[in-house]
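The values are calculated or read from the model by the stated rules, or taken from the named source; none is laboratory data. Keep in mind it's a predicted model, so treat the numbers as computed, not measured. Backbone-built Cβ (ideal geometry, glycine too); neighbour counts: all protein chains shown.
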Amino acid sequence: MHIYQNIEVLIGVVFTYIQLAKDLQELTIHGSKAFPVALYERVMHLERFDFVPLHWHKELQFVYIKSGCVQYRVGAELLILEEGEGLFINTSILHEAKPYQMAQATTYCINVDTTLLAGYQGSVLAEKYVRPYVEGNVVPYIQLAGKEAKRIEEVAKQLEQQADFFELRVWQDLLGLWQTLLATAMLKVTMEPSVQVVQQERAKEMLDYIHAHYQEKMTLEQLAAHVFLSRAECSRFFKKVVGVTPFTYLLHYRLHTSMTLLKNSEESITAIASVTGFSTVSYYIEKFKAYTGYSPSAYRKRFL
């Protein structure tokens, strides 16, 4: 089995490329059915706007900061993680990452299907120790330091090196880490229906709508009506969960989509402005330069 090598080929030189559905669910298949664990070494560059975009997935994620300092948004929370620290992110939780106050940062991300920890459906492991803590998202994330963070790094190195019996060692270490998380954080949480679940699902509906209609003229009234909220509540809720207003997010989404087209197509600046939802090419150039510091043509020449 050569999981890590396959992932390197998948990622290629675009270290933070993630294939996403319109509701921001990650579509990548992590590992294999036989061994559902995947390691990603992600290098994020501030100048190139090469970040981990807002997304979610059905797998658990364990993060280790290999170098630099990283700003994570997990749900509505903003976290700063330094080199040597770690993070657990529960299933189905929206999250994104970028370097914090430095040009570059590198992380190990280990995505783990819950079946690796839970075993077969209906088992005592699944019903007592896994399912209650992942289906309700009662603990969306846990910051890790010290031995727990180092354990993530150790699992990453085992997946890199793939020495004899590495699958057994990875499984054993992940079970040990899960037991520690349960004992120190998860078991102390009152098992009640989580407001976090409702918030996450509503946010995904709103994001899905924006991604489906970003090329069109969009109003706050349309977005609010889609999720049965008032204009004011729609704007307040979106900013709380995503971190920016709906129209700031829409602008940034259009700009990032245009960056991909600038680097990967030969379309004219005018055509790219039109296809990404900007009303005029002059407005597109103005917003692009304000956001990146480059005109679209200069950005294309620099990062092609």
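Please pick out the residue among Tyr108, Tyr133 that is touching a Lys or Arg at 6+ places or on another chain (Cβ under 7 Å) and either at pLDDT below 90 or crowded, with 17+ Cβ neighbours inside 10 Å (or both). Quick ask: steps written out before the conclusion?
Working: Tyr133 fails: touching a Lys or Arg at 6+ places or on another chain (Cβ under 7 Å).
Sole residue among the options that is touching a Lys or Arg at 6+ places or on another chain (Cβ under 7 Å) and either at pLDDT below 90 or crowded, with 17+ Cβ neighbours inside 10 Å (or both): Tyr108.
Determine which single condition Leu174 fails, assuming it passes every other condition in (1) over 23 Å from the mean Cα position of the chain (by Cα); (2) modelled with pLDDT of 95 or more; (3) within 30 Å of Phe35 (Cβ to Cβ).
(1)
Tell me whether region 90-100 contains one or more residues that are closer than 15 Å to Glu153 by Cβ and either assigned to a strand (DSSP E or B) or modelled with pLDDT of 95 or more (or both).
So far as region 90-100 goes, no, none of its residues is closer than 15 Å to Glu153 by Cβ and either assigned to a strand (DSSP E or B) or modelled with pLDDT of 95 or more (or both).
Give me the pairs, please: first residue somewhere in region 59-70 and charged (D, E, K, R), second residue anywhere and outside any strand (DSSP E or B) and modelled with pLDDT of 95 or more, beta-carbon distance under 6 Å, and either six or more positions apart or on two chains.
If the second residue must be outside any strand (DSSP E or B) and modelled with pLDDT of 95 or more, the pairs left are Glu59/Asp113.
With respect to Asp173, is the statement that it is acidic (Asp, Glu), in a loop (DSSP other than H, G, I, E, B) and surrounded by fewer than 17 Cβ atoms within 10 Å (Cβ to Cβ) true? Break it down into steps so the answer makes sense when it comes.
Numbers: acidic (Asp, Glu): yes; in a loop (DSSP other than H, G, I, E, B): no; surrounded by fewer than 17 Cβ atoms within 10 Å (Cβ to Cβ): yes.
No.
Only one of Leu250, Leu261 is closer than 17 Å to Arg300 by Cα, among the aliphatic types (A, V, I, L, M) and not assigned by TED's automatic domain parsing to the domain that holds Phe49. Can you tell me which?
On the way: Leu250 fails: closer than 17 Å to Arg300 by Cα.
Of Leu250, Leu261, the one residue that is closer than 17 Å to Arg300 by Cα, among the aliphatic types (A, V, I, L, M) and not assigned by TED's automatic domain parsing to the domain that holds Phe49 is Leu261.
Quick check: is even one residue across region 107-116 acidic (Asp, Glu) and either out of contact with any Gly (no Cβ under 9 Å at 6 or more places or on another chain) or free of Cβ contacts under 8 Å to residues at least 40 places away in the same chain (or both)? Explain how you work it out, then say what you get.
First, pick out the residues of region 107-116 that are acidic (Asp, Glu): 113.
Then keep just the ones that are either out of contact with any Gly (no Cβ under 9 Å at 6 or more places or on another chain) or free of Cβ contacts under 8 Å to residues at least 40 places away in the same chain (or both); that gives none.
Within region 107-116, not a single residue is acidic (Asp, Glu) and either out of contact with any Gly (no Cβ under 9 Å at 6 or more places or on another chain) or free of Cβ contacts under 8 Å to residues at least 40 places away in the same chain (or both).
Quick one: would you say Thr292 is buried (at least 16 other Cβ atoms within 10 Å of the Cβ), assigned by TED's automatic domain parsing to the domain that holds Met218 and either under 21 Å from Leu46 (Cβ atoms) or of a type in the set (D, E, K, R) (or both)?
On the way: buried (at least 16 other Cβ atoms within 10 Å of the Cβ): yes; assigned by TED's automatic domain parsing to the domain that holds Met218: yes; either under 21 Å from Leu46 (Cβ atoms) or of a type in the set (D, E, K, R) (or both): yes.
Taking the combined requirement at face value, the residue satisfies it.
Got a number for residues in region 282-304 being touching a Pro at 6+ places or on another chain (Cβ under 9 Å) and aliphatic (A, V, I, L, M)? Reasoning before the result, please.
Initial filter on region 282-304 (touching a Pro at 6+ places or on another chain (Cβ under 9 Å)): 284-285, 288-289.
Those still in the list that are aliphatic (A, V, I, L, M) too: 285.
Residues in region 282-304 being touching a Pro at 6+ places or on another chain (Cβ under 9 Å) and aliphatic (A, V, I, L, M): 1 in total.
For region 27-49, which residues satisfy the criterion of being free of Cβ contacts under 8 Å to residues at least 40 places away in the same chain and hydrophobic (A, V, I, L, M, F, W, C)?
Leu27, Ile29, Ala34
Quick one: is Ala273 out of contact with any strand residue (DSSP E or B) (no Cβ under 8 Å at 6 or more places or on another chain) and within 17 Å of Tyr214 (Cβ to Cβ)?
On the way: out of contact with any strand residue (DSSP E or B) (no Cβ under 8 Å at 6 or more places or on another chain): yes; within 17 Å of Tyr214 (Cβ to Cβ): yes.
Here the answer is yes, as Ala273 does meet what is asked.
Out of the residues in region 208-241 that are within 13 Å of Asp23 (Cβ to Cβ) and hydrophobic (A, V, I, L, M, F, W, C), state the one that is nearest to the chain's Cα centre (by Cα).
This residue is Ile210.
Residues of region 20-40 being among the basic types (Lys, Arg) and closer than 18 Å to Glu160 by Cα, which ones?
Going through region 20-40, the residues among the basic types (Lys, Arg) turn out to be 22, 33.
None; the set is empty.
If I ask for residues that are closer than 17 Å to His95 by Cα, in contact (Cβ under 8 Å) with a residue 60 or more places away in the chain and surrounded by 14 or more Cβ atoms within 10 Å (Cβ to Cβ), which ones from region 212-243 would you list?
Kept after step one, since they are closer than 17 Å to His95 by Cα, are these residues of region 212-243: 237-243.
From what is left, the residues that are in contact (Cβ under 8 Å) with a residue 60 or more places away in the chain are 240-243.
Across region 212-243, the qualifying residues are Val241, Val242, Gly243.
Which condition from (1) in a helix (DSSP H, G or I); (2) farther than 21 Å from Glu47 by Cα; (3) modelled with pLDDT of 95 or more is the one that Gln215 breaks?
(1)
If you go through region 56-73 one residue at a time, how many are buried (at least 21 other Cβ atoms within 10 Å of the Cβ) and within 13 Å of Glu96 (Cα to Cα)?
The first filter runs over region 56-73 and keeps only residues buried (at least 21 other Cβ atoms within 10 Å of the Cβ), leaving 56-57, 59-65, 70, 72.
This time we only want the ones that are within 13 Å of Glu96 (Cα to Cα), so: 56-57, 61, 63, 70, 72.
Residues meeting the conditions: 6.
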